[in-house]
Amino acid sequence: MRTIAVVNQKGGCGKTITSINLSAFLAREQRRVLLVDMDPQGHATLGLLTDAAQPSRTMYEVFLPDAGRPPTGLGDVIRPVRENLDVAPSDILLSAIPETLAGRVGREDILSEAMASVEGRYDYVIVDCPPNVGLLTFNTLKACSEAIVPMDPSFFSLHGLGKLLETIEVLAKETDHHIAVRALVTLYSGRSAFAKAVLDEIRRHLDGRHFETVIRYSVKLAEAASHGVPIAHYSRDCVGFDDYRALAVEVLQQEAAMRQRERVTIKRNATGASARDDGAGSSVPAVTPEGVMFTIEAPDAERVQLAGDFNNWTLDGNDMEAMDGVWKKVVKLPPGRYRYRYVVDGRWQNDPLNTTVEPSPYGGEDSVLVMDERVATAG
Ligand SMILES: Nc1ncnc2c1ncn2[C@@H]1O[C@H](COP(=O)(O)OP(=O)(O)O)[C@@H](O)[C@H]1O
Ligand SMILES: [Mg+2]
């Protein structure tokens, strides 16, 4: 059973539409699919169950302690949608769960225990997350071994992704639970140069940890969602249909590669700082044949400089170049361990995409780049 969280703390980036349409296309390919709605707003539930307004048992009861005897299991709340597709509905009461369970031992493992009880009934469990990283999202991350991160190509998407990767790394470090993360670019409008630049940036930074499929902006997708149906039941003559079908194909292709699936692992280096290593030689900043490419998104900045121990922390002559709001500088560096910071309009800050940091002797944190021979020559 593949367990996939559709997660991003940002709202409106396409989590629910992705959960619904990916589930529907996988079901069409004869996979048995359960969509678990973990968002108290219940949009996925509304999008699949036409009678969702009628009272029924929901994920709230699965999470509620002492809800009754016997306690409510995941199997008790599951509702059939159509052939091969079931949904575990949510409702607004779910929003009270983090407070209700505060301080309770094991409160982060409720969903993984619930999902273990339906192991074997499904080929895929897709979980639609709420737009935050509270207890409900944490339950989801612990219950899933894969994550799809829908990202609209906006100012904040790359920064948000850095934060999410950090959460997932904390989880890996504290619980030894590893999740294969892949970003999915959604709401893409190829007409804007900015969207193109962000897409390039996402691909460069993620170094393979993204879907090749890009979900384009499609009015029909939004219309289908508002009618409570997956796109395949609304219109087949639109880019939304083509794109979500392509996504499902990509997900199915991964079935074969599952065994050697890439994992996000935590590698501790000598100083105890953590570095991300997906085993493929990727790094933030990106190492290119021309040198190390430092990048930071700062669309409103007038001037951005790069300071590090490799240039004696001097700002003179270390200006970065802007392109569509993304600032770049390529620096030739031999393999080694470097500390650096960006200076955005005079304000020093660390690299939002790099989770490896160390306290700076001058206050705040420096970003750390470790480039060994292997990464340095990976190009
Ligand atoms: N590719 C797309 N094209 C057009 N509209 C979209 C697309 N993806 C999402 N939307 C619309 O954007 C809004 C937010 O999408 P949704 O899936 O609900 O995001 P989230 O669950 O992340 O909050 C919805 O109104 C949805 O219909
Ligand atoms: Mg949603």
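Please turn the phi angles of the stretch 349-356 into ³J(HN,Hα) values with the Karplus equation 6.51 cos²θ - 1.76 cosθ + 1.60 (θ = phi - 60°), one per residue in order, whole Hz, x for glycine and proline.
Rounded to whole hertz, the list is 8, 8, 7, x, 8, 9, 7, 8.
So the label point goes 7 Å from the Cα of V239 along Cα→C-beta, right? Which residues of the stretch 188-208 then have their backbone N under 16 Å from it?
188-200
Along the positive direction of the dipole of the chain (beta-carbon charges: Lys, Arg +1; Asp, Glu -1; about the Cα centre), which of L199, P334, A24 reaches farthest?
Highest projection toward the positive end goes to A24.
Name the longest site-free stretch of the chain, where the excluded sites are GluC sites (Glu not before Pro) in a DSSP loop with no more than 16 other beta-carbon atoms within 10 Å.
The answer is 84-211.
On a 0 to 90° scale, report how tilted helix 157-175 is relative to the longest principal axis of the chain, with both axes built from alpha carbons and the result rounded to the nearest 10.
Helix 157-175 and the main axis of the chain meet at about 80 degrees.
With each pseudo-label sitting 7 Å past Cα toward Cβ, what's the E29-D207 distance in nm, one decimal?
Distance between label points: 2.8 nm.
A 26 angstrom limit on the alpha carbon distance is what I want to check against. Which of K10/K196; K142/K196; K15/K328; K10/K329 exceed it?
Among K10/K196; K142/K196; K15/K328; K10/K329, the Cα-Cα distance tops 26 Å for K142/K196; K15/K328; K10/K329.
Once amide H atoms are built 1.01 Å from N in the peptide plane, which residues 5 or more positions from R2, or in another chain, come under 5 Å H to H?
So R2 has HN proximity to Y124, V125.
Using only the Cα atoms of the stretch 132-180, what do you get for the radius of gyration and for Dmax, in Å?
11.1, 32
From Cα coordinates alone, what are the radius of gyration and Dmax values for the stretch 1-153 in angstrom?
Cα radius of gyration and Dmax of the stretch 1-153 are 14.1, 48 Å respectively.
If I build a Gaussian network model for the chain, linking alpha-carbon pairs within less than 10 angstrom, which residue out of R209, R341, R121 has the largest mean-square fluctuation?
Of R209, R341, R121, the Gaussian network model singles out R121 as fluctuating most.
Which of S90, S192, S235 ends up with the largest GNM mean-square fluctuation for the chain, with Cα atoms connected below 10 Å?
S192
Using a 10 angstrom cutoff on alpha carbons, build the Gaussian network for the chain and name the most mobile of R337, R204, R245.
Most flexible of the set in this elastic network: R337.
Would you work out the charge dipole size for the stretch 2-263 about its Cα centre, treating the Cβ of every Lys and Arg as +1 and the Cβ of every Asp and Glu as -1, and quote it to the nearest 20 debye?
In total the dipole reaches around 420 debye.
Using only the alpha-carbon atoms, how far is helix 193-206 inclined from the longest principal axis of the chain? Give it as 0 to 90 degrees, nearest 10.
Around 90 degrees separate the two axes.
Report the calculated FRET efficiency for R79 and R337 (r = Cβ-Cβ distance, R0 = 45 Å), to the nearest 0.05.
Given R0 = 45 Å and the Cβ-Cβ separation, E is 0.25.
Can you give the longest run of the chain that contains no chymotrypsin sites (Phe, Trp or Tyr not before Pro) sitting in a DSSP loop with at most 15 other Cβ atoms inside 10 Å?
Working: sites that count: F155, F156, Y362.
That gives 157-361 as the longest site-free run.
Let me have the 222 nm mean residue ellipticity of the chain computed from DSSP H runs of 4+ only, each contributing -39500 (n - 2.57), with the sum over all residues rounded to the nearest 500.
Helix contribution divided over all residues of the chain: -9000 deg cm²/dmol.
Relative to the present Cα-Cα distance, how much length would full extension add between E166 and T50 at 0.36 nm per residue of separation?
38.0 nm
Compute the semi-axes of the equivalent ellipsoid of the stretch 2-263, taking the square root of 5 times each eigenvalue of the Cα gyration tensor, and list them largest first in whole Å.
Values for the stretch 2-263, descending: 28, 22, 17 Å.
Would you work out which of L101, M115, V149 lies farthest towards the positive end of the dipole of the stretch 93-159? Charges go on Cβ: Lys and Arg +1, Asp and Glu -1.
L101
Values quoted throughout were computed directly from the atomic coordinates according to the rules given, and no laboratory measurement underlies them. Just so we're clear, the structure is a prediction, and the values are computed from it rather than from any experiment. Note that we place each Cβ from the backbone using ideal geometry, even for glycine, and neighbour counts take in every protein chain shown.
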